[in-house]
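**Student:** Quick one: structure below, then a few questions.
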């Protein structure tokens, strides 16, 4: 049995061993590369549109294609879709997505290379009812599931069809909820109930997933799954995804930090990025994530000799002392770099959330205004807003004594003239020795500004945190990285993985990105998106929207855009936008309000998981949603 305490090497890359599962002509797990997959948004009964969209996805790099099969009729039409793809010269494996219809799963398993079932609703109908099961009653429930599930297993064995058992955070069965609650442990046990039945039938062609819209929940569930699997000597491949991630920058950031954090742990054999956009837009994002992990793997060697891993990834938030508004109970700060400008003017702060009105002689500050600016040796020719801190290089600070200094190790060890309130100390893992550690420990004005010149940034910073923890040093830390050598799309993904991996594990009192080639507003928004995605600092409304599929009952992209235009000022509110009841009240478990398609041109509205308005006409639904938010006291005028 594997030692569970050594499943992860927090400061080294090591991909966890899994068994290979063959899906058509594609191997998943084992020594195979990480595979990219996605799902069509078309009606499965429309063969031509399904095939056309599949071809677009394949040409963008999709290696496995999933289609919804809500009925036996849909499942049977997968045969025509498969044949038409073959006629066009594409033999990509197909996956049937099944929720409430075991008979459709059995039919699909005769045709496609893999079926995906959701254990929360494969043999259970979600009624959101809590029962107190006796041991006998619970055993009877498991026997009922086994009887319903075994025919699919036997079909998969006969036709050599693989299976994904895919748990979703929001669609746990009432049985699981009664036993474990709405928890990562419940997600894991929901899947393992079905896995144990498969093993009883000696069926091993299984892939597992633990999806949630909240990356924190998702990551905890996957890590727990690996631990539980290894306890039972299981090594099934893992499918990664952040479900209902949304669209645009926010969707990409959430997906990258959730998927990328786990890949950094060595967990994951195939990935799907779920965006509320055309599915072919998901592939470039997925590829950027994989490319970043490949770079880390290539540069995985340790930089510290005789080093012992003791970092508790997935542990509690690192406790830090408060230095002004940094660390302690403060939310993480954002530091914007504008040091390449010789003279800083009021207009330079506009992309960073500060707008100056000369008529009123007043600053207007947005919810996404940075907390500090780093100006290096530059000069500021105006009175800085009172809420904004200025950081300068140490030599410039000694001359002006304005703002707060950023010091090198040499500056810090060889001088005594510092700010009495706040000093930023530039830290690299190789610069930490007993002298500097001793001085930091007794200095309650120092914030450590972490820097790494290597590609494996996460591991470098975990090493620094490990050293600080072992020395009982509680100074706040700023997570920082220079991304000047890569483009906009890659910066978005790389920073989300590098920063998100640390923030989601409770490390980081501030963030900063250096890239002089990209617009300052893009960098500033990216940093706030990363903090929002990690739930460390909420600065805008959050939308939990599914990526659409053949079950969707309205135009999801257009509808999400309309809802966003009307509600984007409601900072901190979470609104779920779901195309159908499958991705409805359960899947948006994390949302405050829900907008769910329940029939053609019909929408039902939810407060949390409770349906409060049923089957509203689509044209009235947005106004009704706004009224619902107002009735519950959560509306603010823009």
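Read-outs: derived from the displayed coordinates by stated rules, not from any lab. Because the structure is predicted, anything quoted here is derived from the model rather than measured. Backbone-built Cβ (ideal geometry, glycine too); neighbour counts: all protein chains shown.
**Student:** In whole Å, what are the extents of the range 4-298 along the principal axes defined by its C-alpha atoms, from largest to smallest?
**Tutor:** 54, 50, 34
**Student:** Once you have the Kirkwood Rh of the range 196-259 from its Cα pairs, apply Stokes-Einstein at 37 °C and 0.692 mPa s and quote D in µm²/s.
**Tutor:** Estimated via Stokes-Einstein, D reaches 254 µm²/s.
**Student:** Where in the range 450-477 does the label zone of residue 438 land, with the point 7 angstrom along Cα→C-beta and an amide N cut-off under 20 Å?
**Tutor:** Within reach of a label on residue 438: 467-475.
**Student:** Take peptides 77-83, 408-414, 457-463 and line them up by average Cβ neighbours within 10 Å, highest first, as a rough protection proxy.
**Tutor:** The packing order, highest mean first, is 457-463, 77-83, 408-414.
**Student:** Now a separate question. What is the gain in length, in nm to one decimal, between residue 568 and residue 399 on full extension, counting 0.36 nm per residue of separation less the C-alpha to C-alpha distance?
**Tutor:** Full extension from residue 568 to residue 399 adds 56.4 nm.
**Student:** Another question, then. With r as the distance between the Cβ atoms of residue 154 and residue 180 and R0 = 30 Å, compute the FRET efficiency 1/(1 + (r/R0)^6) and round to 0.05.
**Tutor:** Numbers: r = 29 Å, r/R0 = 0.96.
With R0 = 30 Å, the Cβ-Cβ based efficiency is 0.55.
**Student:** Going highest first, how would you order 291-297, 348-354 by mean Cβ packing within 10 Å?
**Tutor:** 348-354, 291-297
**Student:** Mind pulling the angle between the C-alpha long axis of helix 282-298 and the longest principal axis of the chain? Nearest 10 degrees, somewhere in 0 to 90.
**Tutor:** Once rounded, one gets 60 degrees.
**Student:** Counting only helical runs of four or more DSSP H residues, what would the 222 nm mean residue ellipticity of the chain come to if each run contributes -39,500 (n - 2.57) and the total is spread over all its residues?
**Tutor:** Only helices count here, giving -11500 deg cm²/dmol.
**Student:** Given the range 333-533, what whole percent of its Cα pairs are spread farther than 23 Å?
**Tutor:** Numbers: 9131 of 20100 pairs.
Pairs farther apart than 23 Å: 45 percent.
**Student:** Next question, about the same structure. On C-alpha positions alone, give me the angle between the axis of helix 556-567 and the longest principal axis of the chain, in degrees, nearest 10.
**Tutor:** With both axes taken from Cα atoms, the answer is about 40 degrees.
**Student:** Here's something else I'd like to know. When you count, for each residue, the other Cβ atoms within 10 Å and take the mean per peptide, how do 357-365, 517-525 rank with the highest first? Intermediate results must be reported in sequence, preceding the final value.
**Tutor:** Numbers: 357-365: 10.6, 517-525: 17.8.
In descending order of packing, they fall as 517-525, 357-365.
**Student:** Can you pull the Rg over Rh of the chain, Cα-only, Kirkwood?
**Tutor:** 0.99
**Student:** To test your reading of the geometry: what angle, between 0 and 90 degrees and rounded to tens, separates the Cα axis of helix 72-87 from the longest principal axis of the chain?
**Tutor:** 70 degrees
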